[in-house]
Amino acid sequence: MKVLTIGSMNIDHVYSVDHIVQPGETLTTGGMNIFLGGKGINQSMALAKAGAEVYHSGMIGEDGKMFLDACKKYGVNSDFIRIIDEKTGHTVIQVDKNAQNCILLYGGANQCLSEEFVDDVLSNFEKDDILLLQNEVNLLPYIIDKAYEKGMQIALNPSPFDDKLLACNLSKISIFLLNEIEGWQISGEKEPDAILDTLQKLYPKAKIVLTLGKDGAVYAYENERLKQPIFEVKAVDTTAAGDTFTGYFLAGLIDKMPVADILRMSAKASSIAVTRNGAVESIPYRDEVENELKYSE
């Protein structure tokens with residue numbers, strides 16, 4: 001089973017700050033680093049590092065060729081990445097002394113997908129292959145509809161949540177991977193159990209993974225609900241925590257692991273990622289995660 005991510009690639013400009021800047025405030029930073037990021041590529045890298053066969057598809061500019069090198073380095077197939085005459089997407093990220101972050105996103109080449117490009121990419125995949133999506137590229141409703149016609153399993157991380165998602169037929173989604181805020185935005189509920197109750201009524205055929213920050217994560221499918229606490233660590237940068245969890249969760253499903261074990265592996269991988277700076281660079285390999293789990297038993 002193959003995984004295709006049609007998703008974003010962003011050059012992340014990460015600034016270390018004492019606190020997140022306030023309106024009207026000028027703030028001196030404690031440092032600045034440039035990392036490869038974007039929810040799409042982060043999740044592809046997490047899948048690859050977790051051992052999955054993953055193909056990444058999307059658009060970059062001439063300034064983004066380092067993504068091709070990173071794909072080769074980390075084992076992501078880059079055959080469906082196109083270089084176009086547009087700036088690569090980029091972000092400005094503030095990370096405060098408590099490892100909390102805020103992100104300003106410029107879409108750039110990520111917003112330049114065409115229907116012809118999507119059709120060409122999807123023609124290389126089959127029924128039951130997994131398509132992983134986020135909301136940092138254009139044409140999301142079209143991509144979902146075409147993948148659904150092919151019988152692909154569609155996994156969606158609905159982030160960032162905006163009007164583009166409202167145009168999507170979410171009943172075609174096989175797997176939702178979302179946090180409390182996104183759960184509230186879709187369901188109108190704020191309590192985790194209420195979020196899951198509503199989502200299961202709206203999308204009864206979908207598997208749902210709801211991440212809850214310091215309260216861990218909950219998996220819901222049909223009559224089953226499983227909770228997974230976090231592994232407590234000293235966080236340095238939480239930027240890639242959710243993307244790491246997503247990649248490892250899907251890799252576990254592909255390997256047909258018991259869901260309880262998948263959740264535990266995904267939580268451990270995320271706990272390692274937040275102890276490191278950056279996005280792609282912070283995601284651990286599976287052997288490291290499995291070794292850490294042995295020590296946690």
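The values are calculated or read from the model by the stated rules, or taken from the named source; none is laboratory data. Nothing here was measured: the structure is a model prediction, and the numbers come from that model. Backbone-built Cβ (ideal geometry, glycine too); neighbour counts: all protein chains shown. The protein model used for the area step is the full one, side chains on, heavy atoms only, and it has no ligands, DNA or RNA in it. Shrake-Rupley method; radii C 1.70, N 1.55, O 1.52, S 1.80 Å.
Summary of values
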quantity	calculated
Exposure of Lys190 as accessible area (Å², to 10), given a probe of 1.4 Å and all protein chains	140 Å²
Extension gain (nm, one decimal) between Asp79 and Asp287, 0.36 nm per residue minus Cα-Cα	72.2 nm
Listed residues Leu166, Cys112, Phe231: farthest to the positive end of the dipole of the chain (Cβ charges)	Phe231
Expected 222 nm ellipticity per residue - DSSP helices of 4 or more, -39500 (n - 2.57), all of the chain, to 500	-10000 deg cm²/dmol
Three principal axis lengths of the range 104-150 [C-alpha, angstrom, descending]	36, 19, 15
Summed residue charge, Cβ within 15 Å of Glu182's Cβ, Lys/Arg positive, Asp/Glu negative	-4
Carbon plus sulfur fraction of accessible area for the chain, probe 1.4 Å, in percent	49 percent
Segment Ser171-Met257, extension gain: residue separation times 0.36 nm, minus the distance between their alpha carbons	28.4 nm
Percentage relative contact order, the range 87-220, counting C-alpha pairs under 8 Å, at least six apart	16 percent
Residue-normalised accessible area of the range 38-163, expressed per residue, 1.4 Å probe, Å²	41 Å²
Among Gln43, Ile195, Ala260 - extreme Cα towards positive end, dipole of the chain, charges at beta-carbon	Ala260
Label-to-label distance, nm, for residues given as Lys72 and Asp18 (7 Å Cα→Cβ offset)	4.5 nm
Which of Tyr55, Tyr219, Tyr295 is most accessible, then next, and so on - probe 1.4 Å	Tyr295, Tyr55, Tyr219
Rounded to 5, the percent of DSSP beta bridges in the range 124-274 classed as antiparallel	45 percent
Packing-based order for 173-182, 249-258, using average beta carbon neighbours within 10 Å, highest first	173-182, 249-258
Where Cys71, Cys112 fall by accessible area, highest first, once all protein chains stay in place (1.4 Å)	Cys112, Cys71
Listed residue pairs exceeding 32 Å between alpha carbons, taken from Lys172/Lys214; Lys2/Lys164; Lys72/Lys190; Lys97/Lys256	Lys72/Lys190; Lys97/Lys256
Where labels lie 7 Å past Cα in the beta-carbon direction, separation of Ser296 and Ala99 in nm	1.3 nm
Highest-fluctuation residue, Ser270, Ser123, Ser159 considered, GNM on the chain with Cα pairs under 10 Å	Ser123
Scaled radius of gyration (Cα, divided by 2.2 N^0.38 Å) that the range 17-125 gives	1.26
When the chain is reduced to its Cα atoms, the Kirkwood hydrodynamic radius in Å	19.2 Å
Qualifying aspartates and glutamates (Cα of each under 15 Å from Cα of Lys201; at least 8 residues distant if same chain)	Glu189, Asp193, Glu222, Glu224
Rel. contact order, % - alpha carbon contacts under 8 angstrom, at least six apart, the chain	17 percent
Rh by Kirkwood over Cα pairs, then Stokes-Einstein D for the range 212-297 at 1.306 mPa s and 10 °C, µm²/s	123 µm²/s
Dipole axis of the chain (+1 Lys, Arg; -1 Asp, Glu on Cβ), positive-most option in His19, Asn277, Tyr248	Tyr248
Residue among Met66, Met265, Met45 with the largest mean-square fluctuation in a Gaussian network model of the chain, springs linking Cα atoms under 10 Å	Met66
